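Visitor: Sharing a structure, written as structure tokens. Questions coming.
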Amino acid sequence: MAVLAAPAQSARTPWGLVALLGALTAFGALSTDMYLPGLPAIGRAFHAPPGAAQASLSSFFLGLAIGQFFYGPASDRWGRRGPLLFGTALYLAASLACAAAPSLPVLVAARFVQGLGACAGQVIARAVVRDRFAHQEGARILSQLMLVMGLAPILAPLAGGALLAVSSWRAIFWVMTSFGVLVGGWIVVSLRESRSAETAAKARAEHPMATYLALLRHPALVGFILAGAFNSAALFAYIAASPGLLITTYHIAPELFGVVFGLNAVGLIGMSQVNAHLLRWRTPEYILVRSRPVSILFAVALTADAYTGFGGMWGVLAPLFGVIASFGLVGANTQAAGLNVDPLRAGSISALMGGVTFAAGALVSALTALFADGTARPMAATILGAILASSLALYALARPGHQASQAGA
């Protein structure tokens, strides 16, 4: 493990920086959640068969996955600001192309490029947190980001549904364009360079491929990356299935879709703040060991209800809320634990985290669409399988138990 002087712990939360970093990480959530209510309308507009419009969701996730492998090493080598501004400009251009797309294939391609741009904010925001904060404080800041970023799953579907009530689905992409302009200006004015000279020297001394190969030789890092990626894959399964399940199967009006979707986001945000509070006394590893079984229990209940029909709609939505909320004790902690393995390669680690996560998201969203049968069963089974895989990676590879026992001694 590389040795690097840890940034000083801070008793006060720098809310201005947290808000900006939250906006950067919200690029992906906003670009996904705002247009979810419009998926049926997009399919009708292009006379596409059912489920075909979901290809634009899968292509966006694929762009998010691939782009991260560029921005991570680039931000270590050339700094955080330059690659971040490039990604924002790419996002703006792609959002304009989405708004003017004349066909579904063009929209799918533009969404891929939009993902290539959006991922810059996500990968670099995590690296900035590691630049500026020590291990335990960094995990607390990542949890605080959920307070800002978590507004996107609440407000974005509501905004998307409201726009659909007065305009077409194209207006959603004009709003995304405006968001990109706003955040780009915010970066220029407020974000100072945080990459250290040591990180730059390390990045310039080795090829990006050599960096990735070196990182993949850390079993603990691979474990934390896979644990976080499979955990996010469960979330992606829910995101991909929710429009069809809630609007088509459960007959919830598109303008009310955001209310149900937002309630689950409230659970995720709330538990993330509980996590931030716990991190004042416990390490990320300690919390991971004790919280992961909670997700498993809720996922088992969700799958049992989905396959038996017990409780109808509420038999699915109630345990689903528990599953999504429990992720607030997992995501930030796997990220902080992984970033702490080799702080000099924080950008590249962040890229690996994001790339693997969104590759899993693209696969899961595609499989969810492929096996959709008008019930909650495919979603529930996918969520359970992903959580079990996350747990296996955590306990078999990352093996945070000895850190947890030390923290609890």
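The values are calculated or read from the model by the stated rules, or taken from the named source; none is laboratory data. This one's a predicted model, so the numbers in the text were calculated from it and none came from an experiment. Cβ placement follows ideal geometry from the backbone for every residue including glycine, while neighbour counts extend to all protein chains displayed.
Visitor: Any idea which residue in segment 341-357 is farthest from Ala200 (Cα to Cα), counting only those that are among the β-branched types (Val, Ile, Thr) and crowded, with 24+ Cβ neighbours inside 10 Å? Lay out the reasoning, then the answer.
Guide: Initial filter on segment 341-357 (among the β-branched types (Val, Ile, Thr)): 341, 349, 356-357.
From the residues that got through so far, the ones that are crowded, with 24+ Cβ neighbours inside 10 Å too are 349, 357.
Numbers: Ile349: 14, Thr357: 25 Å.
It comes out as Thr357.
Visitor: Hey, any hits in segment 107-115 for a residue that's assigned to a helix (DSSP H, G or I), under 29 Å from Val330 (Cβ atoms) and over 22 Å from the mean Cα position of the chain (by Cα)?
Guide: The initial filter retains those residues of segment 107-115 that are assigned to a helix (DSSP H, G or I), namely 107-115.
Pick out the ones that are also under 29 Å from Val330 (Cβ atoms) and you get 111-112, 114-115.
Of the ones still in play, those that are also over 22 Å from the mean Cα position of the chain (by Cα) are none.
There is no residue in segment 107-115 that is assigned to a helix (DSSP H, G or I), under 29 Å from Val330 (Cβ atoms) and over 22 Å from the mean Cα position of the chain (by Cα).
Visitor: Something else now. Hey, Ser168 hits all of (1) modelled with pLDDT of 75 or more; (2) part of a helix (DSSP H, G or I) but one; which does it fall short on?
Guide: With (1) modelled with pLDDT of 75 or more; (2) part of a helix (DSSP H, G or I) applied to Ser168, the lone miss is (2).
Visitor: Restricting attention to segment 171-194, report how many residues are outside any helix (DSSP H, G or I) and closer than 21 Å to Ala118 by Cβ. It would help to see each step written out before you state the result.
Guide: Let us first name the residues in segment 171-194 that are outside any helix (DSSP H, G or I), namely 191-194.
Imposing the further condition that a residue be closer than 21 Å to Ala118 by Cβ reduces the set to 191, 194.
The total comes to 2.
Visitor: Here is a further query. Looking at this structure, is Leu64 within 30 Å of Ala253 (Cβ to Cβ), touching a Gly at 6+ places or on another chain (Cβ under 6 Å) and surrounded by 24 or more Cβ atoms within 10 Å (Cβ to Cβ)? First the steps, then the outcome.
Guide: Numbers: within 30 Å of Ala253 (Cβ to Cβ): yes; touching a Gly at 6+ places or on another chain (Cβ under 6 Å): yes; surrounded by 24 or more Cβ atoms within 10 Å (Cβ to Cβ): yes.
Spelling it out, Leu64 is indeed within 30 Å of Ala253 (Cβ to Cβ), touching a Gly at 6+ places or on another chain (Cβ under 6 Å) and surrounded by 24 or more Cβ atoms within 10 Å (Cβ to Cβ).
Visitor: Now a separate question. Between residues in segment 174-188 that are more than 16 Å from Ala29 (Cα to Cα) and residues that are outside any helix (DSSP H, G or I), which pairs lie under 8 Å by C-beta distance while being six or more apart or on different chains?
Guide: none
Conditions tested, residue by residue: (1) under 13 Å from Gly28 (Cβ atoms); (2) surrounded by fewer than 23 Cβ atoms within 10 Å (Cβ to Cβ); (3) at pLDDT below 75.
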| residue | (1), (2), (3) |
| --- | --- |
| Val108 | no, yes, no |
| Phe112 | no, yes, no |
| Ala118 | yes, no, no |
| Ile124 | yes, no, no |
| Ala127 | no, no, no |
| Leu142 | no, no, no |
| Leu147 | no, yes, yes |
| Leu158 | no, yes, no |
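Visitor: Quick one: in segment 207-222, of everything that is surrounded by fewer than 24 Cβ atoms within 10 Å (Cβ to Cβ) and either within 20 Å of Ser291 (Cβ to Cβ) or among the aliphatic types (A, V, I, L, M) (or both), which residue is modelled with the highest pLDDT?
Guide: Looking at the filtered set, the residue picked out is Val222.
Visitor: If you take the residues in segment 68-100 that are crowded, with 22+ Cβ neighbours inside 10 Å and without any contact (Cβ under 8 Å) to a residue 60 or more places away in the chain, which one is farthest from Leu363 (Cα to Cα)?
Guide: Among those residues, the one meeting the criterion is Pro83.
Visitor: Another question about this same structure. Under 30 Å from Glu206 (Cβ atoms) and touching an Asp or Glu at 6+ places or on another chain (Cβ under 7 Å): does that describe Arg81?
Guide: Numbers: under 30 Å from Glu206 (Cβ atoms): yes; touching an Asp or Glu at 6+ places or on another chain (Cβ under 7 Å): yes.
Spelling it out, Arg81 is indeed under 30 Å from Glu206 (Cβ atoms) and touching an Asp or Glu at 6+ places or on another chain (Cβ under 7 Å).
Visitor: Are there any pairs with C-beta distances below 8 angstrom linking a residue in segment 349-368 that is touching a residue at least 60 places away in the same chain (Cβ under 8 Å) to a residue that is among the acidic types (Asp, Glu), with the two at least 6 apart or on different chains, and if so which?
Guide: Ile349/Asp342
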